[in-house]
Every structure is written in C-alpha cells, then in structure tokens.
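The next block holds one structure in the form of structure tokens; read it before the comments.
Derivation of every value follows stated rules applied to the coordinates shown; laboratory data play no part. It should be emphasised that the depicted structure is a prediction, and the values quoted were computed from it without experimental measurement. Glycine also receives a Cβ, built like all others from the backbone with ideal geometry; neighbour counts cover every protein chain displayed.
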Amino acid sequence: GDSVTQMEGPVTLSEEAFLTINCTYTATGYPSLFWYVQYPGEGLQLLLKATKADDKGSNKGFEATYRKETTSFHLEKGSVQVSDSAVYFCALSEGDKIIFGKGTRLHILP
Amino acid sequence: DTGVSQNPRHKITKRGQNVTFRCDPISEHNRLYWYRQTLGQGPEFLTYFQNEAQLEKSRLLSDRFSAERPKGSFSTLEIQRTEQGDSAMYLCASSLAGLGEKLFFGSGTQLSVL
C-alpha cells in the first residue's frame, strides 16, 4: 500500500534557525500530500496541503512543494520560533483516508 | 466549542475486559474516522464512516474491534476481550466529503490494558 517516510527526530534547533523536515512517499496513484502538526496537549491539525505536482502548500511561514520526480514533500521554514515546538506528521491521501508517517518531534530552543 | 469530542479521555482496564469509546464529530461533518496511535508512531487508520455507512475497515483490524455510527452522528468503537497490545491512543476525526482531506481530530482516548 501507499506509505510515507519522514526523517526521524527529535530535531533540535535554536530560535530563528532554518528548518527542513524531509518526507518522501510511495504511492500507486496521484495522492494529495499533507503536513499535520500536533502541539503539546492538543489534537492533530492540518498545517498545509498540496494536491498535485509542483503545487506549494504554505501556512504560518511553513512551506512544502509537491515534487513528483523525487516523490518528496519536504517541510521548510525560514526562521523557527519556540512556539513551533511540536510533532510534525507528513501524510498522503489514499482513497478517502489519510496515511500518516511516524512523525518528527521538533524542539526549538530560545 | 464545536470541535470533535472524545470520551473518556483515559481508560484503564484489565486484560479480557470489553471497552467502548465514544466520538462526537463536528455536527455538519458527514465523515468520521477512527485511528490508533502508539508511542513514537503516526496515526494508523482503523475505519471510517460516511453518514451511517461503514465504508472501509483496515485489513489489519482484529475482529475484536467493532465500530458503529447508528444515526450518522456520534460513533462508538468497541474492543472486546482486550489485550495488552491494544494499549494505545484512539483518535477520532471528522470531515466533509469532498473536502475529506482536511481531518479535524479530537484529543483522543488513551487506553491502558493491564
């Protein structure tokens, strides 16, 4: 079946550093791609999405571009904040359901 | 607050007992999903409903697990004869068909089987 592989954490950065969290996918069709985020003590929520090749999803300063040629959807942010500390999940759509990666825990130090 | 609500938040049970969890989705959402999450892993799909119809069930799901959504509103997930391996966070999410990719998650029910 379809699957998502994302870099293992935890990732620890200083405030204002550049962030990249790698994500690659395996799919038989043309899925939509997502990043979901789970802040401490909160439920999972959608951060951004892209529905077709070369689309760029963006939200809250985060960006990810759907790269069909490399089957990737890497998450980037130019300058992270302490409030970005959370667990980030890369995901894809398979039919009507969402398949999630294992998650990457991000710690931002002040 | 009209978010997804799950009850109870925590459940501790002894091996072999039956447990039932409840999920109340966002009222206008016609799709409801159940996922399971263990420590260090992402959510694993279990099953989903569109209105009251259960449209897909994971092949990995034991027949000890059953879910219902009798009136197309709230849903229950029952686990019979619990095992220690069932210990996990059980997540519910809802969405609108057609915009189904944006899932709204509840806070989950943490199950501990002793």
Next item on the list: Give the stretch A:90-102 a look and list any residue that's in a strand (DSSP E or B) and over 9 Å from the mean Cα position of the chain (by Cα), or say none.
Entry: A:LEU92, A:SER93, A:GLU94, A:LYS97, A:ILE98, A:ILE99, A:PHE100
Margin query: Residues to consider are B:SER58, B:SER27; find the one that is of a type in the set (Gly, Ala, Ser) and under 14 Å from A:ASP96 (Cβ atoms).
Written below: B:SER58
Next item on the list: For residues that are touching a residue at least 24 places away in the same chain (Cβ under 8 Å) and of a type outside the set (S, T, N, Q), scanning just the stretch B:41-72, find the one that is farthest from B:ASN30 (Cα to Cα).
Entry: B:PRO43
Next item on the list: Give the stretch B:64-86 a look and list any residue that's assigned to a loop (DSSP other than H, G, I, E, B) and either among the charged types (D, E, K, R) or surrounded by 17 or more Cβ atoms within 10 Å (Cβ to Cβ) (or both), or say none.
Entry: B:ARG64, B:ARG69, B:LYS71, B:ARG81, B:THR82, B:GLU83
Note to self: Checking A:LYS56 against (1) in contact with a strand residue (DSSP E or B) (Cβ under 6 Å, 6 or more places away or on another chain); (2) under 23 Å from B:LEU96 (Cβ atoms), only one condition comes out false. Which one?
What the structure shows: (2)
Next item on the list: Within the stretch B:92-110, track down each residue that is surrounded by 14 or more Cβ atoms within 10 Å (Cβ to Cβ), without any contact (Cβ under 8 Å) to a residue 60 or more places away in the chain and not basic (Lys, Arg).
Entry: B:GLU101
Note to self: Taking the condition of being farther than 14 Å from A:GLU76 by Cβ and either touching a residue at least 12 places away in the same chain (Cβ under 8 Å) or among the hydrophobic types (A, V, I, L, M, F, W, C) (or both), how many residues in the stretch A:38-56 meet it?
What the structure shows: 10
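Confirm whether A:SER79 is surrounded by fewer than 20 Cβ atoms within 10 Å (Cβ to Cβ), in contact (Cβ under 8 Å) with a residue 60 or more places away in the chain and either under 26 Å from B:TYR35 (Cα atoms) or of a type outside the set (Lys, Arg) (or both).
Yes; evaluated as a whole, the condition is true for this residue.
Filter the strands (runs of 3 or more DSSP E) completely within the stretch A:1-89 down to those with at least 1 residues that are within 22 Å of B:GLY42 (Cα to Cα), of a type in the set (A, V, I, L, M) and within 11 Å of chain B (Cβ to nearest Cβ).
Fully inside the stretch A:1-89 and qualifying: A:3-6, A:33-38, A:45-50.
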Checklist line | Search result, residues across the stretch B:67-102 that are touching a Leu at 6+ places or on another chain (Cβ under 7 Å), over 14 Å from B:ASP24 (Cα atoms) and within 11 Å of another protein chain (Cβ to nearest Cβ) | finding: B:LYS102
Item checked: Filter result (away from chain A (no Cβ under 14 Å) and part of a loop (DSSP other than H, G, I, E, B)) within the stretch B:103-114 -> B:LEU114
Check: Residue check: is A:LYS102 of a type outside the set (A, V, I, L, M), more than 14 Å from chain B (Cβ to nearest Cβ), out of contact with any helix residue (DSSP H, G or I) (no Cβ under 7 Å at 6 or more places or on another chain) and under 28 Å from B:SER58 (Cβ atoms)?
Finding: no
Item checked: Residues (touching a residue at least 60 places away in the same chain (Cβ under 8 Å) and either surrounded by fewer than 18 Cβ atoms within 10 Å (Cβ to Cβ) or among the basic types (Lys, Arg) (or both)) located in the stretch B:16-29 -> B:GLY16, B:GLN17, B:ASN18, B:ILE26, B:GLU28
